[in-house]
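The values are calculated or read from the model by the stated rules, or taken from the named source; none is laboratory data. Remember, predicted model here, so these are calculated numbers, not experimental data. Here the Cβ positions follow ideal geometry from the backbone for every residue, glycine too, while neighbour counts run over all protein chains shown. We work out accessible area using only protein heavy atoms, side chains counted, and drop any ligands, DNA or RNA first. Shrake-Rupley method; radii C 1.70, N 1.55, O 1.52, S 1.80 Å.
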Amino acid sequence: MKDGLWSTSIAKVLDWARSNSLWYVSTGAGCCADEALQTFGCRYDLERFGSILKTDPAQADLLIVSGLVTQKSKEALKALYDRMIAPKYVMALGSCANCGGAFARSGAYCVVAGVDQVVPVDVYVPGCPPRPEAIMNGIIKLQEKIQGNAIERQRPRFEA
Amino acid sequence: MKTSVLSTTRVYFSSISAGVRSLVQACSSILPYLWSATELRKEVTEQYPDPVSSRTPDELPSRTRGLLENDIQRCTGCKECEEVCPVKCIKVENEPGEDPGKTWVAVFDIDHASCIFCGLCVEVCAPQSLIHTREYEGAALALPQLVTSFGRGRVTDEQREKWDIMRRSQEAENL
Amino acid sequence: MALANSTWEQHWRALLGISAETAQGVVAAGAILVILFGVIIPAVGVVSYLFRKLGADLQARVGPNQAGAAGFLQGLADLLKLLQKQKMKSEVTSAESQREGSFWYFGHTLVLYSSLAVLPLGSVFLFVNTDMSAFLPFIAALAAVLATLFSGVARGGVASFLGVFRVSAQAVAGAVPALFALLCAGLGAGGFRWEAMAKAQGFYPWSWRVFVNPFELLAFLVFFASGMVLLSIPPFSSAHPSSDLRGGVLSGVFGRRFAWLSFSRTYALFLWSLISVVMFLGAWNLPGFLDGAPERERWVFVLELIVVLSKTVSLMLLAGWIERASPRLRTDHVTDLVWWVFMPAALVALIGTALWERLWGGP
């Protein structure tokens with residue numbers, strides 16, 4: 001029993017460390033990238049959560065895909081993801097990254113309908129583009145997921 | 001340009017002093033951010049989950065287009081929003097309801113994953129039941145969680161039978 | 001060896017409570033562990049936290065504040081995270097060259113930490129107290145540069161290989177004026193023994209070498225700046241970027257190697273600041289009224305440590321301030337600066353110090 005207690009508390013500490021030090025690389029296209037850059041900057045300061053912008057994917061833990069992924073940039077995104085070292089996480093930002101957004105639905109041939117068709121996604125942030133607060137909400141959600149206590153929250157239903 | 005030992009020496013020392021001056025200038029120019037009585041000292045960061053230093057949804061501009069919300073009591077199920085949506089992220093299904101004249105909006109699903117927050121559906125909504133809230137916190141760990149359902153749910157056969165009985169008794173009373 | 005006849009052993013036996021029968025090596029190992037875990041790691045940790053907060057404050061933002069109170073545990077979180085990183089299978093380099101890279105990388109850190117034995121942290125902390133003590137950290141820094149160079153070669157790839165050229169050019173450029181400035185300090189103090197350097201100065205600023213002799217002020221500036229060039233400390237770090245797209249010897253380093261790298265880079269700055277303080281800024285000297293205190297009292301050593309560490313940390317923060325205020329210089333600009341400005345300045349300082357000592361110097 002004591003071993004179990006020890007190992008769970010050590011695992012908790014390690015999870016805490018991983019969730020509080022999410023160094024990120026970011027791929028940006030369009031308006032989501034603008035909002036993402038705002039979030040990295042002074043006013044919304046992602047470094048509060050221990051996240052630093054890294055330009056070397058080998059040193060990063062979190063891949064923030066902001067904006068559209070095209071068939072042509074799919075390969076580059078995959079390569080970027082493969083260059084990262086596990087444990088690694090992916091955040092999809094905005095409608096285009098979530099499921100292709102306005103482009104995929106209108107039948108554009110060159111658009112990948114969602115980042116999750118290329119790399120596994122851990123957290124989806126809705127918005128077109130999402131506010132910086134929404135992006136930080138996504139980071140917090142991811143931290144909860146890493147710490148293993150994410151609560152599946154459903155928006156309240158209107159009773160009939 | 002004339003070059004002599006003297007002028008070269010002068011250029012050498014003046015460039016050194018320019019370098020030193022620019023270094024001192026650079027170092028002193030960032031000092032007010034550390035110690036000063038002015039606005040520069042203050043941090044500009046909005047610390048998001050903290051409602052004091054960051055803006056809450058209520059403080060956002062009134063026309064902010066946040067996540068969609070539908071008041072299903074007022075919704076008539078006219079499907080105008082479904083028609084006008086450019087990404088087809090709204091799904092409406094109607095059934096005959098309790099009152100034969102009124103529709104029962106069984107399914108009203110908004111897929112926030114693909115919604116582009118354009119506001120067209122809100123504009124065409126005749127009963128004004130569909131609105132943009134100022135809410136933005138919607139991050140989810142899986143795509144199906146981003147679908148928000150407002151529908152009343154499918155009517156079960158038992159419910160329909162009960163309604164039929166009620167309607168018949170009402171008609172009998174009226175007669 | 002100087003180990004045998006020095007007093008450090010008795011002090012440390014008293015401090016650690018080790019009896020006289022225990023071997024000398026045990027005492028030395030215990031002392032080094034105490035210095036590493038009690039002095040170096042806390043000091044470097046606190047300074048890197050202060051650097052992050054300083055950088056954030058200068059940009060009018062908050063900086064890390066989620067991990068622990070005011071983000072104080074951020075460094076710990078980063079360290080634990082980096083230790084959890086898995087290994088990478090690389091297509092570029094073979095297993096053999098990766099092993100070689102690890103070897104040189106290990107050498108890099110090991111050489112740097114070998115300077116622990118010669119760190120002048122106070123009168124008791126001196127292990128290797130020879131007539132050439134002041135040269136030892138200098139040689140350790142050069143060897144660390146050499147190991148960095150070989151680790152870059154072993155990692156393979158164009159970026160690392162080009163980075164090797166930059167690192168070596170910059171290290172050679174930085175080493176020469178630093179050496180001349182070191183000679184100045186030796187001339188002024190009358191020897192290269194740490195004790196001699198400390199005894200040539202006093203507690204109060206007007207008895208520090210930099211203010212006694214104007215040429216030594218010049219020598220101090222040259223020594224500190226060219227040391228930063230030698231060890232590639234920002235803003236002279238463009239030869240050595242670890243996180244830039246431009247690549248370099250250590251780009252693509254990740255996981256525990258990156259943790260060691262970050263730690264040893266801050267340690268390099270700590271080392272250079274410490275020896276600058278001891279040589280030019282009054283060392284560990286206490287005010288004169290404490291001279292009468294019994295020499296082996298424990299609190300005297302602690303006071304010495306506090307004095308020398310606070311000066312060191314102030315000097316590191318000054319370097320951090322300059323780093324955050326000025327853009328990073330290009331490698332060729334750095335080498336130009338060193339050869340055209342630092343080198344003549346070091347020569348002037350050397351000749352000036354010699355003349356000064358001859359004319360107005362001591363007995």
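Brief remarks on what is shown
- Cα-based Lys pair tally, segment C:6-360, threshold under 23 Å, eight or more apart or on separate chains: 4
- Spin-label model, B:ALA37/B:THR8: points 7 Å from Cα along the beta carbon direction are separated by 5.3 nm.
- A straight chain from C:ALA29 to C:HIS333 at 0.36 nm per residue would run longer than the Cα-Cα distance by 105.1 nm.
- Set of lysines near B:LYS102 by C-alpha distance (under 25 Å), chain-local residues within fewer than 8 positions excluded: B:LYS79, B:LYS88, B:LYS91, B:LYS162
- Integer Hz, Karplus 6.51/-1.76/1.60 couplings in order for segment B:53-60, x for Gly and Pro: 8, 10, 7, 8, x, 5, 8, 6
- Accessible surface buried once C binds A (1.4 Å probe; total of both sides; Å²): 2500 Å²
- Relative contact order (percent, whole number), segment A:22-144, Cα cutoff 8 Å, 6+ residue spacing: 27 percent
- Protection proxy ranking of C:52-61, B:40-49 - average other beta-carbon atoms within 10 Å, highest first: C:52-61, B:40-49
- Over chain B, dividing the summed -39,500 (n - 2.57) contributions of all DSSP H runs of at least 4 residues by the number of residues returns a 222 nm mean residue ellipticity of -9500 deg cm²/dmol.
- Pair B:VAL84, B:LYS102: separation of 7 Å Cα→Cβ label points (nm): 2.4 nm
- Between the beta carbons of A:GLN71 and A:CYS31, assuming R0 = 22 Å, the FRET efficiency works out to 0.60 to the nearest 0.05.
- Amide hydrogen neighbours beyond the local backbone of B:ALA106, cut-off 5 Å, H modeled: B:GLU93, B:ASN94, B:GLU95, B:ARG152
- A simple spin-label model places pseudo-atoms 7 Å from Cα toward Cβ; at C:LEU217 and C:SER19 they are separated by 5.7 nm.
- Other protein chain C-beta atoms within 10 Å of residue C-beta, averaged over C:46-58: 2.
- Under 18 Å from the B:VAL155 label point (7 Å along Cα→beta-carbon), backbone N, segment B:69-87: B:72-79
- Per-peptide packing, taken as the mean over residues of other Cβ atoms within 10 Å, places C:211-223, B:147-159 in the sequence C:211-223, B:147-159 from highest down.
- Put the Cα centre of segment C:12-58 next to the Cα centre of segment B:23-57 and the gap is 35 Å.
- When the square roots of the Cα gyration tensor eigenvalues are ordered a ≥ b ≥ c, the ratio a/c for the protein assembly as shown is 1.5 or more and a/b exceeds b/c, which makes its shape prolate.
- A:VAL13-C:LEU36 FRET efficiency (beta carbon distance; Förster radius 25 Å; 0.05 resolution): 0.65
- When you filter the chymotrypsin sites (Phe, Trp or Tyr not before Pro) in segment B:1-84 for DSSP loop state and at most 10 other Cβ atoms inside 10 Å of their Cβ, you are left with B:TRP35.
- Using the average count of surrounding beta-carbon atoms within 10 Å as a protection proxy, the listed peptides C:132-143, A:42-53, B:161-172, C:274-285 rank, highest first, as C:274-285, A:42-53, C:132-143, B:161-172.
- Pairwise FRET efficiency - A:TRP6 versus B:LYS91, Cβ, R0 = 51 Å, nearest 0.05: 0.50
- Residue mean of other protein chain beta carbons inside 10 Å, B:148-158: 2
- Environment charge at B:ALA106 (Cβ cut-off 13 Å; Lys +1, Arg +1, Asp -1, Glu -1): +2
- Long-range amide H partners of A:ASP61 with built H, under 5 Å: A:TRP23, A:TYR24, A:VAL25
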